[in-house]
Amino acid sequence: MSPKVFAAFAKILASFYQNKSPSAALEVGAATWTLLSIPCFQYSRKVALNAQKIKKNSPELQKYELVLGNSNLLEFADKEFDCVMSSSVLEHDRYFWKSVEEIYRVLKPGGIFIVGVPIYMTLPTDYMNTTLTFKRHGIAYNADFYRFSEQAVREVILEKFTIHESILVRKYPNPYLVMSGVKN
């Protein structure tokens, strides 16, 4: 995760929680540099979910509840979390819509879902209407299925949510969007 992406999540959380702490936060696709280390989670229950065991846990990540599982079928109770975050995960999820439904299910009403994904958009360097994201990122992973438009994030991923904030982290060379929605 880039520092700019991390900062975008932190900014959205700061504006939403305004010096408060959620009781429970879930990061879907947590890695060694975790979003759960953002200061607003200091007094929260912090759960780091990943589909596979992380080979090298950071000291920071080891402080949290580590859960091995598939976000298409979360093994958490309904309305268990105040905050769910996902950074650079949904594009690798063959059935991302199942994960979004599960995130909605485990999020409390009034809770926030913050999602960061690479997006596509027109760039001056486009060749045949693509972006450099796939060349740099798509080939390196054996499971990289999607690029989303800003409209898809707003109207598909966050369809059931009220949009809270949207930050276009970067345009070039790999467009990336962080957007948040509040569960009604």
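The values are calculated or read from the model by the stated rules, or taken from the named source; none is laboratory data. All of these numbers come straight from a predicted model, not from anything done at the bench. For neighbour counting, all protein chains shown are included, and Cβ atoms are generated from backbone atoms with ideal geometry for every residue, glycine included. SASA here: full protein model, heavy atoms, side chains in, ligands and nucleic acids out. Shrake-Rupley method; radii C 1.70, N 1.55, O 1.52, S 1.80 Å.
Observations, loosely collected:
- Subset of the range 18-63 that is part of a loop (DSSP other than H, G, I, E, B) and in contact (Cβ under 8 Å) with a residue 40 or more places away in the chain - its residue that is nearest to MET1 (Cα to Cα): GLY29
- Residue within the range 92-105 that is touching an Asp or Glu at 6+ places or on another chain (Cβ under 7 Å) and closer than 22 Å to LYS4 by Cα present: yes
- Hits in the range 101-124 (condition: open to solvent by 10 Å² or more (accessible area, probe 1.4 Å) and modelled with pLDDT of 90 or more): GLU101, GLU102, TYR104, ARG105, LYS108, PRO109, GLY110
- Every residue from the range 1-23 that is touching a Gly at 6+ places or on another chain (Cβ under 9 Å), buried (at least 20 other Cβ atoms within 10 Å of the Cβ) and among the aliphatic types (A, V, I, L, M): VAL5, ALA8
- Long-range neighbours under 6 Å by Cβ, at least six apart or interchain, first residue at positive phi within the range 87-106, second crowded, with 20+ Cβ neighbours inside 10 Å and not charged (D, E, K, R): none
- Positions within the range 58-88 being crowded, with 19+ Cβ neighbours inside 10 Å, within 12 Å of the chain's Cα centre (by Cα) and within 22 Å of PHE16 (Cα to Cα), in sequence order: CYS83, VAL84, MET85, SER86, SER87
- Candidate set: the range 149-177, residues that are touching a Lys or Arg at 6+ places or on another chain (Cβ under 9 Å) and farther than 24 Å from PRO3 by Cβ; chosen: the one least open to solvent (accessible area, probe 1.4 Å): PHE161
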